[in-house]
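Right, I'll just put the structure down here and ask away after.
The values are calculated or read from the model by the stated rules, or taken from the named source; none is laboratory data. Bear in mind that the values here come from a model prediction, so they are computed numbers and not experimental data. When we count neighbours, we look across all protein chains shown, and the Cβ atoms used for this are built from the backbone with ideal geometry, even at glycine. Note: accessible area is taken over every heavy atom of the protein model, side chains too, but ligands, DNA and RNA are not part of it. Shrake-Rupley method; radii C 1.70, N 1.55, O 1.52, S 1.80 Å.
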Amino acid sequence: MASLSQSKKSGSFRVLFLDPVGRRKTSTLGKMDDAAARMAHGHIEHLHASTRAGTLPHRSTVAWLSDIGDTLHERIARVGLAEPRESIEDATLASVLERFVETANVKKSTADAYRQATGSLLEFFGEARPVHTITTEDALRWRRSLVEQGYAEATQAKRTHVARTIFNRAREWKLVETNPFVAVRAGSQRNPQRLHYVSLEQIERVIEHCPDATRRAQVGLLRYAGLRCPSELWHMTWADVNLSERRLTVRSSKTEHHAKQGIRFTPIVPRLAELLEDLLEVAEPGETRLFPRMNAKTNIGPPLADIIVRAGLEPWPRLLQNLRASRVTDWRREFPAKDVADWLGHTTNVADWHYDQAMDKHFQEATGLNGAQSATRAAPVHNRTPPHATRHDAPGEPLQGRESR
């Protein structure tokens, strides 16, 4: 255990502990407020325990250690609880990237994107390249290499954003004086060519070819409720499903750091209610989870692609994401964007950028061609839809909000 004390004379804080052989060690913190001293004490105590146990410290402690000033870091390193910091001359690209990954407190999907970007930087510059020697011209050549290798514009943009973030951190750590990637144009991370609207007719053909109620309910939750998969699907329980009020409680690890702590309520549309009722009928007695055989790493993409082929359709790009995007597109044609964003757990800006899709049928409606009703010009009385008639998004496809088989 490490103890915190404060000098009555100078007001300086210090942390005292015993090293593995029983010798008394002191790490001086200097003058700071009580809250900062208690935080430093907690992290140093954790570093001491990790050193004694031979384990890696928690990410939050690694991040704190990276962010503190050079003087305090040197004092902690002097008592053997941290490695000395590199100087500008000593810092290599490999060491900076390793430090960046260790201190990044991000989700797995973001960490994967980081690894792709760091791998690209290492391949281009080499592990031993001193980071302070990488210039803006070098950064531009690296960016051009992504184009030459044929990466999609969205991939190029994502990797450039990550590279810029890495060197911003290196600048904060005083390992580079300027960020050479600031002047590099990242481009758009959006790829319109990979957007695909999955119609209700298509998804019903897919559901018809699903082998059982479990798979039908999974597909229904993805298309009719817009859930993320597997993160919002695998741990869902029957307590989250309120069929009488048509309300679905969704817990999202992706948004758990937001004000609502990742909990939202999504409407259960009539067709989804049917699919969930069918699943409930075959559920094992006492089973609390909807999908007990799923876990956080389950990938339903490949089997879903096979079902789509059996249904006589061609698998669309971004198989699961475009089911969610199609739900967004439908609901935003019927309901306020803010409400839809709350139901689906994202901001309206994210929906505008990543999910919502322009529809050809709406373009035709605007022009008034092919018998389509224009929103800005009244149709003749004999062409108007009677109040009691069913409106349609497309031939044979009811408008969202009146979903059916």
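Let me know the charge dipole size of segment 193-246 about its Cα centre in debye, to the nearest 20, where only the beta-carbon of Lys, Arg (+1) and Asp, Glu (-1) is charged.
200 debye
For Lys297, which aspartates and glutamates qualify as cross-link partners when the Cα separation must be under 18 Å and same-chain residues fewer than eight apart are set aside?
Correct list for Lys297: Asp112, Glu232.
Suppose each label sits 7 Å from its Cα in the direction of the beta carbon; what would the Phe265-Val309 distance come out to in nanometres?
In this crude spin-label approximation the distance works out to 4.3 nm.
If amide H atoms are built 1.01 Å from N in the plane of the peptide, which residues on other chains or at least 5 residues away come under 5 Å of the amide H of Gly30?
Here the answer is Phe13, since their amide H atoms fall under 5 Å of that of Gly30.
Aspartates and glutamates near Lys25 by alpha-carbon distance under 19 Å, same-chain residues fewer than 8 away left out - which ones?
The qualifying aspartates and glutamates are Glu45, Glu74, Glu83.
May I pose another question? Rank these by accessible area, largest first, 1.4 Å probe: Leu195, Leu276.
Leu195, Leu276
At R0 = 25 Å, how high is the FRET efficiency between Glu277 and Asn299 if r is their beta carbon distance? Nearest 0.05 is fine.
E(calc), rounded to 0.05, equals 0.40.
Also, I was wondering about something else. In whole Å, what is the distance between the alpha-carbon centres of segment 97-162 and segment 207-257?
35 Å
So how far apart, in nm, are the two label points at Ala183 and Thr165 if each is 7 Å from Cα heading toward Cβ?
So the two model labels end up 2.5 nm from each other.
Taking amide H atoms as placed 1.01 Å from N in the peptide plane, list the residues 5 or more away in sequence, or in a different chain, whose amide H sits under 5 Å from that of Arg247.
HN-HN under 5 Å from Arg247: Asn242, Ile268.
Next question. Taking θ = phi - 60°, what integer Hz values does the Karplus form 6.51 cos²θ - 1.76 cosθ + 1.60 yield along segment 173-180, in sequence order, with x for Gly and Pro?
Whole-Hz 3J(HN,Hα) from phi for segment 173-180: 7, 6, 9, 9, 7, 9, 8, x.
What aspartates and glutamates sit close enough to Lys338 to cross-link, taking a C-alpha to C-alpha distance under 16 Å and skipping anything fewer than 8 places away on the same chain?
Asp330, Asp352, Asp356
As an exercise, use a Förster radius of 45 Å and the Cβ-Cβ distance of Leu56 and Glu201 to find the FRET efficiency, rounded to the nearest 0.05.
0.30
If you don't mind, there's one more thing I want to ask. Find how much the distance from Glu334 to Ala63 grows on full extension, using 0.36 nm per residue of separation minus their present alpha carbon separation; answer in nm with one decimal.
Here the answer is 93.1 nm.
I'd like to check one number: the per residue accessible area of segment 191-319, probe 1.4 Å, reported in Å² as a whole number.
Roughly 51 Å² per residue, with all protein chains present.
Any idea which of Ile263, Leu290, Ala305 is furthest toward the positive side of the dipole for segment 204-338, if Lys and Arg beta-carbons carry +1 and Asp and Glu beta-carbons -1?
Ile263
Do any trypsin sites (Lys or Arg not before Pro) in segment 148-213 lie in a loop, going by DSSP, with at most 10 other beta-carbon atoms within 10 Å of their beta carbon, and if so which?
Loop-located and lightly packed - Arg185.
Whose amide H sits under 5 Å from the amide H of Val176, counting only residues 5 or more places off or on another chain, with H placed in the peptide plane?
The list, which skips near neighbours in sequence, is Arg171.
Where in segment 198-255 are there GluC sites (Glu not before Pro) that are in a DSSP coil and have at most 10 other Cβ atoms within 10 angstrom of their Cβ?
Glu245
Apply the Karplus parameterisation 6.51 cos²θ - 1.76 cosθ + 1.60, with θ equal to phi minus 60°, to every residue of segment 193-210 and state each ³J(HN,Hα) to the nearest whole Hz, in sequence, with x for glycine and proline.
For segment 193-210, the Karplus curve yields 5, 9, 7, 8, 8, 9, 6, 5, 4, 5, 5, 5, 5, 5, 4, 4, 9, 5 Hz.
Where nothing but the Cβ of Lys and Arg (+1) and of Asp and Glu (-1) is charged, how large is the charge dipole of segment 1-85 around its Cα centre, in debye to the nearest 20?
Dipole of segment 1-85, to the nearest 20 debye: 360 debye.
Now for a different question. Would you mind computing, in nm to one decimal, how far apart the modelled labels at Thr136 and Arg246 are, each placed 7 Å from Cα along Cα→Cβ?
For the pair Thr136/Arg246, the computed spacing is 5.8 nm.
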